[in-house]
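Data first, discussion second: the structure below is written as C-alpha coordinates.
The values are calculated or read from the model by the stated rules, or taken from the named source; none is laboratory data. For clarity, every value in this text was computed on a predicted model and none was experimentally measured. A quick note on method: Cβ atoms are made from the backbone with ideal geometry, for glycine too, and the neighbour counts reach across all protein chains shown.
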Amino acid sequence: MTSIWDDFPSHADVRQAFQHALQRGRLTQSYLFLGPAGVGKQRFATKLAQCLLCFERPPGQLDACGRCSQCRPFQACTHPDFLRVDRDPGKRELTVAKFIGERDQRGKAGLCYELSIRPAAGSRKIAIINDADTMNDEAANALLKTLEEPPEEALLILIAANLDALLPTIKSRCQTVRFSPLPDEVVIEYLQRESLVTTPEEAHWLASLSGGSLVTARQLAQPGFREIRQDWLAKLALPSWDGLQTAQELASRIEKLGNDTAEQRQYTLWLLQAAAEFYRSALRGLLNPASSGAGAANAASWISRWSADVDQAVDLIGDLLERCIVATVHLQQNVSIALCLEALCHDLSSRASVSSSR
Ligand SMILES: [Zn+2]
(Lines give C-alpha, C1' and ligand atoms only; values in the text may rest on other atoms or scores of the structure.)
Protein backbone atom coordinates (compact mmCIF):
# COMPACT_ATOMS: atom_id res chain seq x y z
CA MET A 1 0.00 0.00 0.00
CA THR A 2 1.34 3.40 -0.88
CA SER A 3 1.69 6.11 1.72
CA ILE A 4 2.21 9.85 1.38
CA TRP A 5 5.34 9.32 3.51
CA ASP A 6 6.98 6.99 0.96
CA ASP A 7 9.09 9.80 -0.46
CA PHE A 8 9.93 11.17 3.00
CA PRO A 9 11.28 8.41 5.25
CA SER A 10 13.16 10.83 7.55
CA HIS A 11 12.06 11.66 11.10
CA ALA A 12 10.23 8.36 11.62
CA ASP A 13 10.41 8.97 15.38
CA VAL A 14 8.43 12.21 15.10
CA ARG A 15 5.90 10.54 12.82
CA GLN A 16 5.47 7.74 15.32
CA ALA A 17 4.88 10.23 18.13
CA PHE A 18 2.19 12.03 16.10
CA GLN A 19 0.55 8.73 15.19
CA HIS A 20 0.31 7.81 18.87
CA ALA A 21 -1.08 11.24 19.74
CA LEU A 22 -3.68 10.90 16.98
CA GLN A 23 -4.71 7.38 18.06
CA ARG A 24 -5.18 8.57 21.63
CA GLY A 25 -6.91 11.80 20.67
CA ARG A 26 -4.10 13.77 22.25
CA LEU A 27 -3.16 16.23 19.54
CA THR A 28 -2.68 19.69 20.95
CA GLN A 29 -3.48 22.90 19.11
CA SER A 30 -0.06 24.57 18.93
CA TYR A 31 3.24 22.97 18.01
CA LEU A 32 6.73 24.37 17.67
CA PHE A 33 8.81 22.40 15.16
CA LEU A 34 12.39 23.08 16.18
CA GLY A 35 15.58 22.03 14.42
CA PRO A 36 18.33 23.15 12.06
CA ALA A 37 17.40 24.64 8.68
CA GLY A 38 17.15 22.18 5.82
CA VAL A 39 16.20 19.02 7.74
CA GLY A 40 12.60 18.81 6.46
CA LYS A 41 10.53 20.49 9.20
CA GLN A 42 8.32 22.30 6.71
CA ARG A 43 7.86 19.25 4.53
CA PHE A 44 6.94 17.20 7.56
CA ALA A 45 4.44 19.84 8.70
CA THR A 46 2.81 19.90 5.26
CA LYS A 47 2.42 16.11 5.16
CA LEU A 48 1.09 16.11 8.70
CA ALA A 49 -1.48 18.73 7.69
CA GLN A 50 -2.65 16.63 4.76
CA CYS A 51 -3.02 13.58 7.03
CA LEU A 52 -5.12 15.56 9.49
CA LEU A 53 -7.35 17.09 6.82
CA CYS A 54 -7.89 13.89 4.78
CA PHE A 55 -11.48 12.57 4.89
CA GLU A 56 -10.46 8.98 4.19
CA ARG A 57 -7.45 8.54 6.42
CA PRO A 58 -6.69 4.86 7.03
CA PRO A 59 -8.04 4.15 10.56
CA GLY A 60 -5.47 4.77 13.29
CA GLN A 61 -2.82 5.71 10.77
CA LEU A 62 -1.07 9.03 10.32
CA ASP A 63 -1.53 8.97 6.57
CA ALA A 64 -3.70 10.39 3.79
CA CYS A 65 -5.57 8.74 0.93
CA GLY A 66 -4.37 11.18 -1.75
CA ARG A 67 -7.73 11.00 -3.57
CA CYS A 68 -10.54 12.41 -1.41
CA SER A 69 -12.20 15.82 -1.67
CA GLN A 70 -9.67 17.13 0.88
CA CYS A 71 -6.49 15.57 -0.49
CA ARG A 72 -7.07 16.73 -4.07
CA PRO A 73 -7.22 20.47 -3.34
CA PHE A 74 -4.50 20.02 -0.73
CA GLN A 75 -2.15 18.54 -3.30
CA ALA A 76 -3.09 21.32 -5.75
CA CYS A 77 -2.21 23.90 -3.02
CA THR A 78 -5.78 25.26 -3.09
CA HIS A 79 -7.17 23.81 0.16
CA PRO A 80 -9.11 26.63 1.84
CA ASP A 81 -8.38 25.37 5.38
CA PHE A 82 -4.64 25.04 4.98
CA LEU A 83 -2.89 28.34 5.68
CA ARG A 84 0.74 29.34 5.47
CA VAL A 85 2.68 32.37 6.60
CA ASP A 86 6.08 33.06 5.00
CA ARG A 87 8.52 35.92 5.19
CA ASP A 88 8.40 38.20 2.15
CA PRO A 89 11.40 37.68 -0.15
CA GLY A 90 14.42 39.73 0.93
CA LYS A 91 12.84 40.61 4.31
CA ARG A 92 14.50 39.71 7.60
CA GLU A 93 11.36 39.73 9.72
CA LEU A 94 7.84 38.35 9.81
CA THR A 95 5.73 41.43 10.32
CA VAL A 96 2.49 41.99 12.19
CA ALA A 97 0.55 42.50 8.94
CA LYS A 98 0.94 38.78 8.24
CA PHE A 99 -1.09 38.04 11.35
CA ILE A 100 -3.66 40.81 11.69
CA GLY A 101 -3.60 42.53 8.29
CA GLU A 102 -2.14 45.75 6.93
CA ARG A 103 -2.78 48.99 8.83
CA ASP A 104 -5.95 49.85 6.89
CA GLN A 105 -7.32 46.33 7.38
CA ARG A 106 -6.29 45.58 10.97
CA GLY A 107 -8.28 42.71 12.37
CA LYS A 108 -9.93 42.02 9.02
CA ALA A 109 -7.13 40.09 7.33
CA GLY A 110 -4.04 38.05 8.17
CA LEU A 111 -3.58 34.62 9.70
CA CYS A 112 -5.25 35.30 13.07
CA TYR A 113 -8.34 36.61 11.28
CA GLU A 114 -8.43 33.65 8.86
CA LEU A 115 -8.21 31.23 11.77
CA SER A 116 -11.15 32.89 13.49
CA ILE A 117 -13.43 31.92 10.58
CA ARG A 118 -14.92 28.44 10.66
CA PRO A 119 -13.35 25.80 8.37
CA ALA A 120 -14.73 25.82 4.83
CA ALA A 121 -14.55 22.13 4.12
CA GLY A 122 -13.83 19.94 7.15
CA SER A 123 -13.51 20.18 10.88
CA ARG A 124 -10.03 21.69 11.05
CA LYS A 125 -7.98 24.67 9.99
CA ILE A 126 -4.25 24.12 9.93
CA ALA A 127 -1.67 26.90 9.77
CA ILE A 128 2.07 26.70 9.25
CA ILE A 129 4.20 29.67 10.28
CA ASN A 130 7.59 29.44 8.62
CA ASP A 131 10.61 31.14 10.16
CA ALA A 132 8.61 31.85 13.30
CA ASP A 133 11.92 32.80 14.95
CA THR A 134 11.99 35.91 12.72
CA MET A 135 8.70 37.35 14.02
CA ASN A 136 9.25 40.83 15.38
CA ASP A 137 7.78 41.61 18.82
CA GLU A 138 4.66 43.21 17.40
CA ALA A 139 3.98 40.16 15.23
CA ALA A 140 4.69 37.77 18.10
CA ASN A 141 2.30 39.63 20.40
CA ALA A 142 -0.45 39.53 17.77
CA LEU A 143 0.03 35.79 17.34
CA LEU A 144 0.19 35.28 21.08
CA LYS A 145 -3.46 36.26 21.43
CA THR A 146 -4.44 33.45 19.07
CA LEU A 147 -2.11 31.00 20.83
CA GLU A 148 -3.63 31.88 24.20
CA GLU A 149 -7.16 31.23 23.00
CA PRO A 150 -7.01 29.30 19.76
CA PRO A 151 -10.30 28.81 17.89
CA GLU A 152 -11.58 25.29 18.55
CA GLU A 153 -10.84 24.00 15.04
CA ALA A 154 -7.40 25.58 14.70
CA LEU A 155 -4.08 23.78 14.72
CA LEU A 156 -0.92 25.88 14.47
CA ILE A 157 2.58 24.72 13.60
CA LEU A 158 5.39 27.21 14.19
CA ILE A 159 8.64 26.35 12.46
CA ALA A 160 11.92 27.65 13.82
CA ALA A 161 15.64 26.97 13.96
CA ASN A 162 16.58 29.34 16.78
CA LEU A 163 14.74 28.81 20.05
CA ASP A 164 16.41 31.82 21.70
CA ALA A 165 14.83 34.17 19.15
CA LEU A 166 11.30 33.29 20.27
CA LEU A 167 9.48 35.11 23.05
CA PRO A 168 9.20 32.91 26.18
CA THR A 169 5.42 33.46 26.13
CA ILE A 170 5.25 32.00 22.60
CA LYS A 171 7.43 29.01 23.53
CA SER A 172 5.38 28.21 26.60
CA ARG A 173 2.14 28.10 24.56
CA CYS A 174 3.47 25.49 22.14
CA GLN A 175 4.43 21.85 22.42
CA THR A 176 8.00 21.62 21.14
CA VAL A 177 8.83 18.89 18.62
CA ARG A 178 12.54 18.51 17.93
CA PHE A 179 13.90 17.59 14.51
CA SER A 180 17.39 16.08 14.32
CA PRO A 181 19.96 16.62 11.56
CA LEU A 182 19.45 14.21 8.65
CA PRO A 183 21.71 11.15 8.41
CA ASP A 184 24.58 11.39 5.88
CA GLU A 185 22.98 8.86 3.53
CA VAL A 186 19.89 11.06 3.09
CA VAL A 187 22.08 14.07 2.25
CA ILE A 188 24.18 11.96 -0.15
CA GLU A 189 21.06 10.68 -1.91
CA TYR A 190 19.75 14.26 -2.22
CA LEU A 191 23.01 15.62 -3.66
CA GLN A 192 23.07 12.85 -6.25
CA ARG A 193 19.36 13.08 -7.12
CA GLU A 194 19.64 16.84 -7.67
CA SER A 195 22.84 16.37 -9.72
CA LEU A 196 24.74 18.71 -7.40
CA VAL A 197 27.80 16.45 -7.43
CA THR A 198 29.61 14.47 -10.09
CA THR A 199 31.15 11.67 -8.02
CA PRO A 200 30.08 9.60 -4.97
CA GLU A 201 33.23 10.80 -3.16
CA GLU A 202 32.13 14.41 -3.55
CA ALA A 203 28.69 13.53 -2.22
CA HIS A 204 30.18 11.83 0.85
CA TRP A 205 32.54 14.72 1.48
CA LEU A 206 29.82 17.39 1.21
CA ALA A 207 27.43 15.34 3.35
CA SER A 208 30.09 15.15 6.07
CA LEU A 209 30.35 18.97 6.02
CA SER A 210 26.61 19.63 5.81
CA GLY A 211 25.68 19.03 9.44
CA GLY A 212 22.72 16.96 8.20
CA SER A 213 21.08 19.90 6.40
CA LEU A 214 19.99 19.82 2.76
CA VAL A 215 20.10 23.63 2.59
CA THR A 216 23.71 23.62 3.80
CA ALA A 217 24.64 20.78 1.45
CA ARG A 218 23.19 22.67 -1.51
CA GLN A 219 25.04 25.87 -0.61
CA LEU A 220 28.32 24.04 -0.02
CA ALA A 221 27.92 22.28 -3.37
CA GLN A 222 27.71 25.56 -5.28
CA PRO A 223 30.61 25.58 -7.74
CA GLY A 224 31.30 29.24 -6.91
CA PHE A 225 31.72 28.51 -3.22
CA ARG A 226 33.79 25.39 -3.78
CA GLU A 227 36.23 27.42 -5.88
CA ILE A 228 36.57 30.07 -3.18
CA ARG A 229 37.09 27.40 -0.54
CA GLN A 230 39.73 25.62 -2.62
CA ASP A 231 41.64 28.86 -3.31
CA TRP A 232 41.45 29.74 0.39
CA LEU A 233 42.91 26.40 1.48
CA ALA A 234 45.65 26.70 -1.17
CA LYS A 235 46.46 30.16 0.20
CA LEU A 236 46.73 28.86 3.77
CA ALA A 237 49.23 26.27 2.58
CA LEU A 238 51.60 28.88 1.08
CA PRO A 239 54.78 29.80 2.99
CA SER A 240 53.78 33.46 2.79
CA TRP A 241 50.77 35.38 1.45
CA ASP A 242 49.29 38.85 1.46
CA GLY A 243 46.68 38.96 4.23
CA LEU A 244 44.96 42.21 3.30
CA GLN A 245 44.73 41.43 -0.40
CA THR A 246 43.40 37.93 0.33
CA ALA A 247 40.77 39.33 2.71
CA GLN A 248 39.57 41.86 0.14
CA GLU A 249 39.36 39.24 -2.59
CA LEU A 250 37.47 36.84 -0.34
CA ALA A 251 35.00 39.52 0.79
CA SER A 252 34.23 40.58 -2.76
CA ARG A 253 33.79 36.99 -3.99
CA ILE A 254 31.51 36.15 -1.06
CA GLU A 255 29.45 39.26 -1.71
CA LYS A 256 28.77 38.11 -5.26
CA LEU A 257 27.90 34.61 -4.09
CA GLY A 258 25.41 35.21 -1.27
CA ASN A 259 21.95 36.65 -1.94
CA ASP A 260 21.83 38.57 1.33
CA THR A 261 24.04 39.37 4.30
CA ALA A 262 22.86 36.34 6.25
CA GLU A 263 23.88 34.01 3.44
CA GLN A 264 27.20 35.83 2.95
CA ARG A 265 27.87 35.54 6.67
CA GLN A 266 27.15 31.82 6.49
CA TYR A 267 29.59 31.34 3.60
CA THR A 268 32.23 33.25 5.59
CA LEU A 269 31.63 31.00 8.59
CA TRP A 270 32.25 27.95 6.41
CA LEU A 271 35.54 29.45 5.26
CA LEU A 272 36.55 29.91 8.89
CA GLN A 273 35.51 26.33 9.54
CA ALA A 274 37.64 25.20 6.55
CA ALA A 275 40.65 27.08 7.94
CA ALA A 276 40.20 25.51 11.37
CA GLU A 277 39.93 22.08 9.74
CA PHE A 278 43.11 22.80 7.77
CA TYR A 279 45.04 23.59 10.95
CA ARG A 280 43.59 20.59 12.77
CA SER A 281 44.72 18.36 9.88
CA ALA A 282 48.17 19.89 10.17
CA LEU A 283 48.22 19.16 13.88
CA ARG A 284 47.15 15.57 13.31
CA GLY A 285 49.82 15.21 10.59
CA LEU A 286 52.44 16.64 12.92
CA LEU A 287 51.61 14.39 15.86
CA ASN A 288 50.88 11.32 13.77
CA PRO A 289 52.58 11.40 10.34
CA ALA A 290 50.57 8.33 9.24
CA SER A 291 47.22 10.13 9.63
CA SER A 292 45.18 11.16 6.64
CA GLY A 293 41.84 12.87 5.97
CA ALA A 294 40.30 15.77 4.09
CA GLY A 295 42.94 18.37 3.24
CA ALA A 296 45.65 16.30 4.95
CA ALA A 297 48.06 16.52 1.98
CA ASN A 298 47.87 20.31 1.81
CA ALA A 299 48.23 20.66 5.54
CA ALA A 300 51.07 18.12 5.65
CA SER A 301 53.14 20.04 3.11
CA TRP A 302 52.46 23.25 5.03
CA ILE A 303 53.48 21.83 8.40
CA SER A 304 56.57 20.09 7.00
CA ARG A 305 58.24 23.50 7.28
CA TRP A 306 58.13 23.12 11.06
CA SER A 307 58.89 19.46 11.34
CA ALA A 308 62.29 20.30 12.82
CA ASP A 309 60.66 22.00 15.77
CA VAL A 310 57.47 20.22 16.80
CA ASP A 311 56.88 22.28 19.95
CA GLN A 312 57.00 25.53 18.04
CA ALA A 313 54.65 24.13 15.40
CA VAL A 314 52.11 22.93 17.98
CA ASP A 315 52.12 26.33 19.69
CA LEU A 316 51.67 28.10 16.39
CA ILE A 317 48.78 25.88 15.30
CA GLY A 318 47.16 26.48 18.68
CA ASP A 319 47.44 30.24 18.07
CA LEU A 320 46.03 30.03 14.56
CA LEU A 321 43.11 27.86 15.67
CA GLU A 322 42.33 30.30 18.45
CA ARG A 323 42.32 33.11 15.88
CA CYS A 324 39.75 31.20 13.80
CA ILE A 325 37.53 30.79 16.86
CA VAL A 326 37.75 34.50 17.71
CA ALA A 327 36.83 35.42 14.13
CA THR A 328 33.85 33.04 14.29
CA VAL A 329 32.62 34.71 17.47
CA HIS A 330 33.04 38.18 15.93
CA LEU A 331 31.13 37.14 12.85
CA GLN A 332 28.30 35.73 14.95
CA GLN A 333 28.21 39.02 16.87
CA ASN A 334 27.53 40.83 13.58
CA VAL A 335 30.98 42.36 13.04
CA SER A 336 31.15 43.19 9.31
CA ILE A 337 32.38 40.39 7.06
CA ALA A 338 35.08 42.59 5.49
CA LEU A 339 36.49 43.70 8.87
CA CYS A 340 36.40 40.20 10.24
CA LEU A 341 38.26 38.75 7.25
CA GLU A 342 40.84 41.55 7.25
CA ALA A 343 41.73 40.98 10.90
CA LEU A 344 41.78 37.21 10.48
CA CYS A 345 43.85 37.13 7.29
CA HIS A 346 46.29 39.67 8.71
CA ASP A 347 46.86 37.52 11.78
CA LEU A 348 47.01 34.17 10.00
CA SER A 349 49.38 35.37 7.28
CA SER A 350 51.69 37.32 9.57
CA ARG A 351 51.89 34.73 12.37
CA ALA A 352 52.47 31.79 10.05
CA SER A 353 55.14 33.48 7.95
CA VAL A 354 56.96 35.12 10.90
CA SER A 355 57.19 31.75 12.60
CA SER A 356 58.37 29.95 9.48
CA SER A 357 61.25 32.38 9.00
CA ARG A 358 62.45 32.07 12.59
ZN1 LIG B 1 -7.69 12.01 1.53
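Got a number for residues in the stretch 185-202 being assigned to a helix (DSSP H, G or I) and under 12 Å from Leu214 (Cβ atoms)? Working first, answer last.
To start, the set of residues in the stretch 185-202 that are assigned to a helix (DSSP H, G or I) comprises 185-193, 200-202.
Right, trim to under 12 Å from Leu214 (Cβ atoms) and you get 186-191, 193.
The qualifying residues number 7.
Quick one: Val39 ticks every box in (1) within 14 Å of the ligand (Cβ to nearest atom); (2) modelled with pLDDT of 95 or more bar one, so which box is it?
(1)
Please go through the stretch 52-87 and give me each residue that is buried (at least 19 other Cβ atoms within 10 Å of the Cβ), more than 30 Å from the chain's Cα centre (by Cα) and either under 24 Å from Ala160 (Cα atoms) or more than 8 Å from the ligand (Cβ to nearest atom) (or both), ordered by number.
none
Based on what the data block shows, is Ala127 farther than 30 Å from Pro36 by Cα, more than 14 Å from the ligand (Cβ to nearest atom) and outside any helix (DSSP H, G or I)?
Answer is no for this residue.
Quick check on Gly107: is it modelled with pLDDT under 95, within 16 Å of the ligand (Cβ to nearest atom) and of a type outside the set (Lys, Arg)?
Working: modelled with pLDDT under 95: yes; within 16 Å of the ligand (Cβ to nearest atom): no; of a type outside the set (Lys, Arg): yes.
Considered against the rule, which asks whether it is modelled with pLDDT under 95, within 16 Å of the ligand (Cβ to nearest atom) and of a type outside the set (Lys, Arg), Gly107 comes out as no.
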